[in-house]
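Report on the following structure.
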Amino acid sequence: MTAETKKPIPADAAENTMWGGRYTTGPAEIMEKINASIDFDKRMYAQDIGGSKAHCRMLMATGIITQADGEKILSGLDQILGEIEAGQFTFKRALEDIHMNVEARLTEIIGPAAGRLHTARSRNDQVALDVRLWVRDAVDRADVQLADLQSALVERAEEYADAVMPGFTHLQTAQPVTFGHHMMAYVEMFARDRSRLQDARRRMNESPLGAAALAGTSFPIDRHMTAQDLGFDRPMANSLDAVADRDFALDYMAAAAIAAMHLSRLAEEIVIWCSAQFRFVRLSDAFSTGSSIMPQKRNPDAAELVRGKSGRVIGALNTLLIVMKGLPMTYGKDMQEDKEPIFMVRDTLDLCISAMTGMVRDLTANVQSMREATLPGFATATDLADWLVQTLDIPFRDAHHITGRIVKLAEDQGVDISELSLERMQEAEPRITGAVFERLGIDNSVRSRVSYGGTAPDQVRAQAKRWREVLG
């Protein structure tokens, strides 16, 4: 190491470094840059201060520190919180992270008593606590946002419970459904996302504080007290696991990645539906952009960006999995790389849910275009097969073949099966009667799908009502 990259620590500053007396020279400049995390982990200031206050209250209650020192520490931490929230706090990269920045400022405010705060804890359990608290807050926020998106989808479902549209498989016309039914499908998807987030929250709601560096502590701390103080169900049962674990972050990010995938699927449908070839929905100017060269263009950019940004969330999950996959017990500095992908997931998911909620509330369905799109593609063929089974007692496989022959007749004649004459249908099955036409109309088709969870408008309204009650 050259003189340019190795900095001696001045004698009057040596005792103020976090490493104490072990080191007599400062870090290389590049080491300081790669080691510092304050540029991003300062976002956890509220969690860091909240955890420190809980730790301080426990130290006071157990007699590990005096009431006088404890009160000074709590007062100083409140002052620091106010300074940060007021934008009056100076974060210093030389102090590496949020923990040491807060501790250094606390020392400036209250003097030597600040040094007692770190009794019976390590930065290892401190950062594990901070990240866990931050992720827990992110989970709670995402749950609220997804519930609002569900409410927006329920609103559209009720509005368009009777609006007929093609249901697709392979992006080919399959059977007629309603636009309301399609909206309710995403309500169910996002319900599973919320369930995954809630499951993740239950698993993460254990406190690592008190695990210290990795082995626990010889001080008579009360980990149950700090856990309860911070809203956890219990302290983590193994000190090694407490500082080594980032499963809680992976749980959150995995749930977020699946939610982002669902957002992307809905975004893709909005992109398709807005196209001139479909014209199923229209977004207002608030969620559309134009072209710099083609004045007729109306681009669903908000949906496209949600579709694109979902990749960031999925990629961030992969990033942390790769960081963690080769780490032995317990803590490695690699784990500092958990925060940026976690923060990015929260920010991206937050933005995408908000944008999608706005689009859902903004969109207008083109009921006529959707109805017209159900006409090509023989969307009621399955209704004909069902009629043959129910009315003529024909086994479904035989009914399937008969219907296929009728579809071929209609295709050759260039009409929908509902427009085919009774005589032509009877060429495929002589027992067919005129009653079949009551089943073949598009509206008759969707009304007939009365099974629980089906597309019949009354079923859609029932599901929407149920979800209104669930969502409050």
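In region 250-275, which residues are aromatic (Phe, Trp, Tyr) and either surrounded by fewer than 18 Cβ atoms within 10 Å (Cβ to Cβ) or under 19 Å from Met184 (Cβ atoms) (or both)?
Residues of region 250-275 that are aromatic (Phe, Trp, Tyr), as a first pass: 252, 273.
Listed by number, the list holds a single entry, Trp273.
Go through (1) modelled with pLDDT of 90 or more; (2) aromatic (Phe, Trp, Tyr); (3) surrounded by 18 or more Cβ atoms within 10 Å (Cβ to Cβ) one by one and return the number of the condition Phe378 breaks.
(1)
If you check Phe278 against the conditions, is it open to solvent by less than 20 Å² (accessible area, probe 1.4 Å) and not in a helix (DSSP H, G or I)? Quick ask: steps written out before the conclusion?
Details: open to solvent by less than 20 Å² (accessible area, probe 1.4 Å): no; not in a helix (DSSP H, G or I): yes.
So Phe278 fails the test.
Inspect all residues belonging to region 221-244 and state whether any of them is in a helix (DSSP H, G or I), among the aliphatic types (A, V, I, L, M) and within 19 Å of the chain's Cα centre (by Cα). Spell out how you get there, then give the answer.
Keep residues of region 221-244 that are in a helix (DSSP H, G or I), which gives 223-229, 239-244.
Add one more test, that the residue is among the aliphatic types (A, V, I, L, M), and what stays is 225, 227, 240, 242-244.
Next, from what is left, pick out any that are within 19 Å of the chain's Cα centre (by Cα): none.
Checking region 221-244: not a single residue is in a helix (DSSP H, G or I), among the aliphatic types (A, V, I, L, M) and within 19 Å of the chain's Cα centre (by Cα).
Would you call Ser122 hydroxyl-bearing (Ser, Thr, Tyr) and closer than 23 Å to Ser218 by Cα? Give the derivation first.
On the way: hydroxyl-bearing (Ser, Thr, Tyr): yes; closer than 23 Å to Ser218 by Cα: yes.
Criteria met by Ser122.
Filter the helices (runs of 4 or more DSSP H) completely within region 405-448 down to those with at least 2 residues that are over 29 Å from Thr178 (Cβ atoms).
On the way: elements: 422-428, 437-440, 442-448.
In region 405-448, the matching helices (runs of 4 or more DSSP H) lie at 422-428.
Would you say Arg105 is touching a residue at least 24 places away in the same chain (Cβ under 8 Å), open to solvent by 50 Å² or more (accessible area, probe 1.4 Å) and in contact with a Phe, Trp or Tyr (Cβ under 9 Å, 6 or more places away or on another chain)? Spell out how you get there, then give the answer.
Numbers: touching a residue at least 24 places away in the same chain (Cβ under 8 Å): yes; open to solvent by 50 Å² or more (accessible area, probe 1.4 Å): yes; in contact with a Phe, Trp or Tyr (Cβ under 9 Å, 6 or more places away or on another chain): yes.
Judged against the criteria, Arg105 is a match.
Check Asp334, Asp398, Asp386 and return the single one that is in a helix (DSSP H, G or I), free of Cβ contacts under 8 Å to residues at least 40 places away in the same chain, farther than 30 Å from Glu96 by Cα and of a type in the set (Asp, Glu).
Unique residue meeting the criteria: Asp398.
Of the residues that sit in region 114-126 and are open to solvent by 10 Å² or more (accessible area, probe 1.4 Å) and outside any loop (DSSP other than H, G, I, E, B), which one is farthest from Leu230 (Cα to Cα)?
Among those residues, the one meeting the criterion is Gly115.
Every residue, every condition in (1) of a type in the set (Asp, Glu); (2) closer than 30 Å to Ala303 by Cα; (3) assigned by the TED database to the domain that holds Arg282, yes or no:
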{"residue": "Thr357", "(1), (2), (3)": "no, yes, yes"}
{"residue": "Asp393", "(1), (2), (3)": "yes, no, no"}
{"residue": "Met425", "(1), (2), (3)": "no, no, no"}
{"residue": "Ile432", "(1), (2), (3)": "no, no, no"}
{"residue": "Ser445", "(1), (2), (3)": "no, no, no"}
{"residue": "Thr455", "(1), (2), (3)": "no, yes, no"}
{"residue": "Ala464", "(1), (2), (3)": "no, yes, no"}
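In region 64-80, which residue that is assigned to a loop (DSSP other than H, G, I, E, B) and touching a residue at least 40 places away in the same chain (Cβ under 8 Å) is least open to solvent (accessible area, probe 1.4 Å)? It would help to see each step written out before you state the result.
Taking region 64-80 first, the residues assigned to a loop (DSSP other than H, G, I, E, B) are 64-66.
The next check asks that each one be touching a residue at least 40 places away in the same chain (Cβ under 8 Å); those that pass are 64-65.
Values: Ile64: 39, Ile65: 13 Å².
Once the filter is applied, the top-ranked residue is Ile65.
So Ser369 fits all but one of (1) open to solvent by less than 60 Å² (accessible area, probe 1.4 Å); (2) over 30 Å from Ala191 (Cα atoms); what number is the exception?
Failed condition: (2).
Those residues that are among the β-branched types (Val, Ile, Thr) and either out of contact with any helix residue (DSSP H, G or I) (no Cβ under 9 Å at 6 or more places or on another chain) or in the same structural domain as Leu317 (by the TED database) (or both), I need them from region 222-250; list them, please.
First, pick out the residues of region 222-250 that are among the β-branched types (Val, Ile, Thr): 226, 243.
Passing the criteria: only Val243.
Within region 168-178, how many residues turn out to be open to solvent by 10 Å² or more (accessible area, probe 1.4 Å) and either among the hydroxyl-bearing types (Ser, Thr, Tyr) or on the phi < 0 side of the Ramachandran plot (or both)? Lay out the reasoning, then the answer.
First, the residues of region 168-178 that are open to solvent by 10 Å² or more (accessible area, probe 1.4 Å): 168-175, 177.
When the remaining residues are screened for being either among the hydroxyl-bearing types (Ser, Thr, Tyr) or on the phi < 0 side of the Ramachandran plot (or both), the result is 168-169, 172-175, 177.
Number satisfying all stated conditions: 7.
Collect the residues in region 289-339 that are exposed (fewer than 14 other Cβ atoms within 10 Å of the Cβ), more than 29 Å from Asn124 (Cβ to Cβ) and at pLDDT 90 or above, keeping them in residue-number order.
If the condition is that a residue be exposed (fewer than 14 other Cβ atoms within 10 Å of the Cβ), more than 29 Å from Asn124 (Cβ to Cβ) and at pLDDT 90 or above, then Gly308 is the only one that fits.
Regarding Gln150, is this residue of a type outside the set (Val, Ile, Thr) and open to solvent by less than 10 Å² (accessible area, probe 1.4 Å)? Quick ask: steps written out before the conclusion?
Details: of a type outside the set (Val, Ile, Thr): yes; open to solvent by less than 10 Å² (accessible area, probe 1.4 Å): yes.
Criteria met by Gln150.
For region 199-220, enumerate the residues that are surrounded by 14 or more Cβ atoms within 10 Å (Cβ to Cβ) and under 29 Å from the mean Cα position of the chain (by Cα).
Ala200, Arg201, Met204, Asn205, Glu206, Ser207, Pro208, Leu209
Please specify each residue of region 436-448 satisfying the condition of being open to solvent by 40 Å² or more (accessible area, probe 1.4 Å) and modelled with pLDDT under 90. If you could, list the steps in order and put the result at the bottom.
Looking only at region 436-448, we keep the residues that are open to solvent by 40 Å² or more (accessible area, probe 1.4 Å), and these are 437-439, 443-444, 447-448.
Selection gives Phe437, Glu438, Arg439, Asp443, Asn444, Ser448.
Taking Val281, is it closer than 15 Å to Met356 by Cα and either under 26 Å from the mean Cα position of the chain (by Cα) or not aliphatic (A, V, I, L, M) (or both)?
Working: closer than 15 Å to Met356 by Cα: yes; either under 26 Å from the mean Cα position of the chain (by Cα) or not aliphatic (A, V, I, L, M) (or both): yes.
Yes; evaluated as a whole, the condition is true for this residue.
Among the residues in region 401-419, are any touching a residue at least 60 places away in the same chain (Cβ under 8 Å) and open to solvent by 20 Å² or more (accessible area, probe 1.4 Å)?
First, the residues of region 401-419 that are touching a residue at least 60 places away in the same chain (Cβ under 8 Å): none.
Scanning region 401-419, I find no residue that is touching a residue at least 60 places away in the same chain (Cβ under 8 Å) and open to solvent by 20 Å² or more (accessible area, probe 1.4 Å), so the answer is no.
The values are calculated or read from the model by the stated rules, or taken from the named source; none is laboratory data. Since this is a predicted model, take the numbers as computed values, not measurements. All Cβ positions, even for glycine, are placed from backbone atoms using ideal geometry, and neighbour counts span all protein chains on display. For accessibility, only protein heavy atoms count, side chains too; no ligands or nucleic acids. Shrake-Rupley method; radii C 1.70, N 1.55, O 1.52, S 1.80 Å.
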